[in-house]
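Working notes, structure below.
The values are calculated or read from the model by the stated rules, or taken from the named source; none is laboratory data. Treat the numbers as computed from the prediction; the structure is a model and nothing was measured. Because the Cβ atoms are built from the backbone with ideal geometry, glycine has one as well, and the counts that use them run over all protein chains shown. Note: areas computed on protein heavy atoms with side chains; ligands, DNA, RNA excluded. Shrake-Rupley method; radii C 1.70, N 1.55, O 1.52, S 1.80 Å.
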Amino acid sequence: MRRTALALFALAALVATPALAQKTTELHPGKGGSPHVRTEWTIDGATISIDYGRPSLKGRPEAQLMPPGKPWRTGADEATTLKTDKALKCGDVRVPAGTYTLYTVPNTGEWELAISKRTGQWGTPVQVNDDLARVKMAVGKTPAPVEQLTISIDDTAAGGTLRIEWGSTSVTAPFTVQ
């Protein structure tokens, strides 16, 4: 009986560990009603946080909200902000420690993640001249529809993967900590 209880406790600890790797804090409601959150992770010794608005689909078509070929603020209201205390490498691009604005350019087969040096602005219009870099993102489908925009980081053996999901769309970009 004692071994069973110990085994169950160990299993519960293993299952709970990944959930503890991500911390999400409600920041404030947006002017349009979308909640704003800060999601934080520790990946390979780096503390990474993303502040963003979480709009809901509310029955609207994905292509209307994420128009192909047009820069999208990737959230609601204020621009989405990435903070990292260590340098990251996304593809061939080195992103020094600091604060950046993130936006995306949706396309059918491949998206682009834009990392902008300009911060503190409203989400639109996007200022493409301030880009530090653009990184290709793989496009896939979510296992189930995602009503509210969700940005997360998956901890991987090689570093991490930034994941953006909304509706049936899932886009990812791997990175490493430098």
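With unit charges on the beta carbon (Lys/Arg positive, Asp/Glu negative), name the residue among L65, T42, A173 whose Cα is farthest towards the positive pole of the charge dipole of the chain. It is T42.
Its alpha carbons considered, segment 57-105 gives a radius of gyration followed by a Dmax of 13.9, 39 Å. Considering helices alone, the calculated mean residue ellipticity of the chain at 222 nm is -4000 deg cm²/dmol, with DSSP H runs of length four and up weighted by -39500 (n - 2.57) and normalised per residue. Relative to the Cα centre, the charge distribution of the chain, modelled as +1 at Lys and Arg Cβ and -1 at Asp and Glu Cβ, gives a dipole magnitude of about 180 debye.
As I understand it, the value is the acute angle between the Cα axis of helix 2-20 and the longest principal axis of the Cα atoms of the chain; what does it come to in degrees, rounded to 10? Result, in degrees: 10. Label positions at E62 and K31, each projected 7 Å from the Cα along the C-beta direction, are separated by 2.9 nm. The structure-derived value of volume of the Cα convex hull per residue in Å³ appears in the list [x] 118; [y] 142; [z] 106 under the label [y]. Where q = 0.16, 0.18 Å⁻¹, what log10 of I(q)/I(0) comes from the Debye formula for segment 100-178, counting one point per Cα? Log-scaled intensity ratios, in q order: -0.65, -0.82. With 22 Å as the limit on Cα-Cα distance, the pairs of K86/K141; K70/K117; K31/K141 that go past it are K86/K141; K31/K141.
Database remark: amide H of N107 closer than 5 angstrom to the amide H of G69, E112 (H placed geometrically; neighbours at sequence offset of 5 or more, or on other chains; Pro and chain starts carry no H).
Mean-square fluctuations from a GNM of the chain, with a 10 angstrom spring cutoff on Cα atoms, peak among V126, V95, V146 at V146.
Per residue, the accessible area of the chain comes to 55 Å² when a 1.4 Å probe rolls over the protein heavy atoms. Per-residue 3J(HN,Hα) values for segment 108-120, derived from phi via the Karplus relation 6.51 cos²θ - 1.76 cosθ + 1.60 with θ = phi - 60°, read 4, x, 7, 9, 10, 9, 9, 10, 9, 6, 7, 10, x Hz in sequence order (x marks Gly and Pro). 3J(HN,Hα) along segment 73-85, derived from phi through the Karplus expression 6.51 cos²θ - 1.76 cosθ + 1.60 where θ = phi - 60°, amounts to 5, 6, x, 10, 6, 4, 5, 6, 10, 10, 10, 9, 9 Hz, with x in place of Gly and Pro. A crude spin-label estimate for the pair Q148 and N107, with each label 7 Å from Cα along the Cβ direction, gives 3.2 nm. Shown is the FRET efficiency for A157 and K117, computed with R0 = 25 Å from the Cβ-Cβ distance and rounded to the nearest 0.05: 0.25.
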